[in-house]
Amino acid sequence: MRELEYPFDSDYILKNSKKIRRRLLEERETGVSAVTWTEKKIAVLGGSTTHDIIRILELFLLNQGIKPEFYESEYGQYFQDAMFGQEALAAFAPDLIFIHTCSRNVTAYPKAGDSREAVEALLEEQYRHFEVMWEKLAGDYHCPVIQNNFEYPFYRLLGNQDASDMHGRIRFLTRLNERFYRYAEEHDSFYINDMNYMASAYGLDRWADPFYWHMYKYCMCMQAIPAFAFNLGNIIKALFGKNKKALALDLDNTLWGGVVGDDGPENLEIGQETSLGQVYAEFQEYLKAQKEIGVLLNVNSKNEEENALAGLRHPEGILKPEDFISIKANWEPKSRNLAETAEQLNLLPDSFVFVDDNPAEREIVSAQFPAAAVPEMGKPEEYIRVLDHSGFFEVTRLSEDDRKRNEMYKENLMREKQQASFADYGEYLASLRMKGTVRAFEPMYMARIAQLTNKSNQFNLTTKRYTQSEIEQAADSEDYITLYGKLEDKFGDNGVVSVVIGRIEGDRLHIELWIMSCRVLKRDMEYAMMDCLAEECRKRGIRTVTGYYYPTAKNRMVKDFYALQGFVKAEEDEKGNTVWEYRLPADYKKKNRYIEVNAEG
């Protein structure tokens, strides 16, 4: 919904929240963009008034396809609910907990005459108040926890020295925040909502208007709530697999100033010679940094290809042709180019952010692909802010696979080119010299496994999502079989590409999750996983495997997956949900023919 996309009108959202909510539910449940909701239970434990935050947060989550149910603590009862066995919270069984505290919830600050030892003791006391709460929540609920950091106070008792003197509140909160960050680094299911940045970006004097605290016990002004809720919503949607994956970028007047076909590459505005050239260079630097965290860069431009490449080879340009996975520079409709790029990368069009300075092109792509992100791009000076504040690629954990993702997709294109040179597909697979590793979940891959469960949409048979805590619990339980699969070949290492989680019930295994990265489709990896699953079932005395397929708009490609594996359909309801059974034969014959698998622990 356009009203909920950055930059948005906060006053409009606050005044029309009920109408917006009603439209979101109607459009997404009955309209052309109808979706299967991702339903999540979110507990909000507040140190200040949280009702309006929840009201607006719900809108942003609904807009991402997440249908939340909320538990809200009583005012100021965040610590009591977390620590003292609140029955209602336990019965709620949250999928995620958000702790909404602010600098007004810090109970004591250093006094001017305090010794260094006293200040250190006070810092430890304030930090421990939160740490024991986080540990209790982790032990009781095994779900992600999001914690605000502390915004700065709206006054500085010591003036500029407040930031450096050990008695200053700004110095004290900075050090307390640093302790929070260290905890986040060391705990995989704990995340910081950067309220300190939000308050700074919004404007601290307006954000911390004392009227709203003393009148309503809001820790921010009412007008800042939509910006805060949007930022928090970005973390939540990333945790539940709603991030975008790729950029489709226009060239002329988007990556550089001017039209390369008309002006010539030598006359483009890019680089340090002009102020506008510096703006475009900085934007390219920003995009290059996006690539380094795993965002896939692609070109979608109306241009002659040779002109586009000449522009990308400009000596002052930061981005070069080799930085892109796909370069579509032609005179075809950009909507068609986007669809072809998506197919080429085995992604859905709604995984893309389309960036173009031309409002007409944006309108066409938005109409063709309503679920793709098409941000409003204003002046070039605003490009970075619009993309960055939109949170399309919100990072919760940065894995090695993220950093290598562009190279992995390039290697995939090399595989496709090689495939075209073979008449026989089996010979092509053999030529890849593939080696696979299939093993029970291991600690070093837990973050990647959790990430994959939340990113895989097309090859996801049950659409179930797992947090890292849930992944670790399944791995530690004797009631589950867990397998991850890695695949490499002569072109490179694809990393962890497949995950299976099965729950044991007597001599039967119920497959709760089977996913695979689409970049390794049709390479026998699904058969390699099945072979190893069958062997693990044999060791555990399991005779029957039950699989489930729940159809969505995105996973139709695996509708017949179990049939291809030799399962027999046992049930089907009016919605197309199916149940499949496979009775393990004593003489099970391996299905994988082309991957050399190492399954030893």
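The values are calculated or read from the model by the stated rules, or taken from the named source; none is laboratory data. Note that the structure is a prediction, hence the values are computed from the model and not measured. Positions of Cβ are backbone-derived with ideal geometry, glycine not excepted, and every protein chain shown enters the neighbour counts. Each accessible area value is taken on the protein alone, full model and side chains, heavy atoms only, with ligands, DNA and RNA left out. Shrake-Rupley method; radii C 1.70, N 1.55, O 1.52, S 1.80 Å.
Here are a few things to note about the model shown:
- Potential extension, ARG433-GLU292 segment - 0.36 nm per residue separation minus Cα distance: 47.9 nm
- Heavy atoms of HIS389: accessible area, 1.4 Å probe, square angstrom to 10: 60
- Hypothetical label at ALA586: residues of region 518-541 whose amide nitrogen lies under 18 Å (7 Å Cα-Cβ projection): 535, 537-541
- For region 518-601, convex hull of alpha carbons as volume per residue, Å³: 113
- Taking amide H atoms as placed 1.01 Å from N in the peptide plane, the amide H of MET434 lies under 5 Å from those of GLU596, each 5 or more residues away in sequence or on another chain.
- Within region 92-181, chymotrypsin sites (Phe, Trp or Tyr not before Pro) in DSSP loop having at most 15 other beta-carbon neighbours inside 10 Å: PHE154, TYR155
- Here the Karplus curve 6.51 cos²θ - 1.76 cosθ + 1.60, taken at θ = phi - 60°, turns the phi angles of region 4-14 into couplings of 9, 9, 6, x, 10, 9, 4, 4, 4, 5, 4 Hz, with x standing for Gly and Pro.
- Rolling a 1.4 Å probe over the protein heavy atoms gives region 304-405 an accessible area of 46 Å² per residue.
- For the chain, averaging the sequence separation of C-alpha pairs within contact (under 8 Å, six or more residues apart) and dividing by the residue count gives a relative contact order of 10 percent.
- Heavy-atom accessible area for ARG22, with the other protein chains in place and a 1.4 Å probe, reaches approximately 130 Å².
- Over 27 Å (Cα to Cα) - which of LYS18/LYS237; LYS40/LYS410; LYS486/LYS554; LYS67/LYS404; LYS245/LYS575 fall in this group: LYS40/LYS410; LYS67/LYS404; LYS245/LYS575
- Per residue, region 429-580 exposes an accessible area of 40 Å² to a 1.4 Å probe, with every protein chain left in place.
- Assuming charge only on the beta carbon of Lys and Arg (+1) and of Asp and Glu (-1), the dipole of region 208-284 about its Cα centre is about 1020 debye to the nearest 20.
- Between ILE364, TYR71, TYR218, the Cα set farthest toward the positive side of the dipole of the chain (charges on each charged residue's Cβ, about the Cα centre) is that of TYR71.
- A cut-off under 12 angstrom between Cβ atoms defines the neighbours of SER421, and their net charge, with Lys, Arg +1 and Asp, Glu -1, is -1.
- Cα-based Rg of region 399-507 normalised by 2.2 N^0.38 Å, two decimals: 1.23
- Under the simplified labelling scheme, the ASP479-ALA570 pair shows an inter-label distance of 1.8 nm, with each label point 7 Å from Cα along Cα→Cβ.
- Kirkwood-based Rg to Rh ratio, region 96-154, C-alpha trace: 1.06
- Relative contact order, percent, region 192-318 [alpha-carbon distance under 8 Å, six or more residues apart]: 22
- Accessible-area composition of region 425-564, carbon plus sulfur, in percent [1.4 Å probe]: 46
- Apportionment of accessible area to carbon and sulfur, region 283-372, percent (1.4 Å): 47
- The local environment of GLY85, defined by Cβ-Cβ distances under 13 Å, has a net charge of -2 under the rule Lys, Arg +1 and Asp, Glu -1.
- Across region 37-44, computed HN-Hα scalar couplings (Karplus, 6.51 cos²θ - 1.76 cosθ + 1.60, θ = phi - 60°) run 5, 8, 8, 9, 9, 10, 9, 10 Hz from first to last residue, x flagging Gly and Pro.
- Within the chain, helix-based [θ] at 222 nm, where runs of 4 or more DSSP H residues each add -39,500 (n - 2.57), nearest 500: -12500 deg cm²/dmol
- Extreme residue, positive dipole direction of the chain, given options VAL353, LEU158, ILE471 (C-beta unit charges): ILE471
- FRET E, pair LYS417, LYS41, Förster distance 45 Å, beta-carbon r, rounded to 0.05: 0.45
- Its alpha carbons give the chain an Rg and a Dmax of 26.1, 83 Å.
- Residues in region 1-121 average 49 Å² of solvent-accessible surface per residue, probe 1.4 Å, ligands and nucleic acids excluded.
- For chymotrypsin sites (Phe, Trp or Tyr not before Pro), the sites in region 225-332 that DSSP calls loop and that have at most 14 other Cβ atoms within 10 Å are TRP331.
- Theoretical FRET efficiency, 1/(1+(r/R0)^6), r = Cβ-Cβ of PHE211 and ARG21, R0 25 Å, to 0.05: 0.35
- Solvent-accessible ranking of HIS314, HIS187, HIS214, largest area first, probe 1.4 Å: HIS214, HIS187, HIS314
- Across the accessible surface of region 1-147, with the other protein chains kept in place and a 1.4 Å probe, carbon and sulfur atoms take up 48 percent.
- Surface accessible to a 1.4 Å probe, GLU120 within the full protein complex, Å²: 70
- Cβ screening of the chain for cysteine pairs under 4.7 Å finds these without a partner: CYS143, CYS221, CYS518, CYS532, CYS537.
- Remark: the chain carries a charge dipole of roughly 1280 debye about the Cα centre, counting +1 on each Lys and Arg Cβ and -1 on each Asp and Glu Cβ.
- Dipole in debye (nearest 20) - region 1-146, about Cα centre, beta carbon charges: Lys, Arg +1; Asp, Glu -1: 580
- For region 341-412, applying the loop criterion from DSSP together with a ceiling of 15 other beta carbons within 10 Å to the GluC sites (Glu not before Pro) yields GLU376.
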